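Laboratory data are not the source of any read-out in this text; all were calculated from the coordinates shown. None of the values given here were measured: they were computed from a predicted structure. Methodologically, a virtual Cβ is constructed for each residue, glycine included, from the backbone with ideal geometry; neighbour enumeration extends over all protein chains shown.
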Amino acid sequence: GTYANRQYGIADFDDDGQPRTAAYTGASTLAYANHITGPNYSIQGNILLGPQILDSMEARFLAEEGPLAKKLMAALQGANVPGADTRCMAQGTSSRSAFLRVAKPDDEPGNFWLELNVVLTPAGVEPIDSLQTLFDEWYGTINADSETVSEEGVKVFPNPSRGLLNIVLPPSVKLPAGASIFDSKGSVLKTTTLQSRSNQLALPESWANEVLFLKISDEQGRVVYSEKLLVLPHD
């Protein structure tokens, strides 16, 4: 198709570091189609039940006071209405699929800080609710307020890793500490106790190219480090 069949949404920063947004909805986009922009967000949709879907998404996005990932998930819930995508009215669901992606500036191409995807659900099962379940499991593996946690002096290297991960803990972290590795669905893949200031974890090659998350807690269970972890194929 041509640009007349397309929709685009952009949010970035200008040369002075100020947020700016832009959006476009082609004249031949299937109705209902439109977009909404704000100071730091752009929302668009087509084949929609009506403008109320976009309005609801915007309202949910603005009402959520959490970090960006939570605001995006809230916006998707704003479209959790049977037939929001009119092709899905007969199934009683909002859509055919749902996904959420958040990238950080230092992410490797194709390995994003957050990427959850519900490609297909059984008949009558709401994709946005399925995505919410995945999101809640993932969000439980990180600090609920700041999206990333780092205790001054905690060193984790190399990341990406080809099999061995070094964890160096500063005196401010009370021992024994604990380390847990989760997959993108929030399932625990590995837990271990860190008895010393300098530790080394073996990461199996079967985890290569998976989106993983490392969480380190001190003796009292307080999270002192949480970040995305990438395992590369071993040499």
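With only Cα atoms counted, the range 149-230 has Rg and Dmax values of 11.8, 34 Å.
Relative contact order, whole percent, for the range 3-139 stands at 14, derived from Cα pairs under 8 Å and 6 or more residues apart. Within straight-line reach of Lys185, meaning a Cα separation under 22 Å, sit the following lysines at least 8 residues removed in sequence or on another chain: Lys70, Lys71, Lys104, Lys215, Lys228. Normalising the average separation of contacting C-alpha pairs (under 8 angstrom, six or more residues apart) by the number of residues puts the relative contact order of the chain at 12 percent.
Treating the beta-carbon of each Lys and Arg as +1 and of each Asp and Glu as -1, no other charges, what is the dipole magnitude of the chain about its Cα centre, to the nearest 20 debye?
On the way: 18 positive and 28 negative charges, 81 e Å.
Rounded to the nearest 20 debye, it is 380 debye.
Per the Debye formula on identical point scatterers at the alpha carbon atoms of the range 44-174, with no solvent, log10 I(q)/I(0) at q = 0.18, 0.19 Å⁻¹ is -1.04, -1.12. Considering only Pro170, Leu62, Leu76, the residue lying farthest towards the positive end of the dipole of the chain is Leu76, judged by Cα position with unit charges set on Cβ. Shape call for the range 51-112 from the C-alpha gyration tensor, a ≥ b ≥ c root eigenvalues: rounded (a/c under 1.5), prolate (a/b greater than b/c) or oblate? Since a/c reaches 1.5 but b/c is at least a/b, the shape of the range 51-112 is classed as oblate.
Pairs of alpha carbons in the chain separated by more than 34 Å make up 28% of all such pairs.
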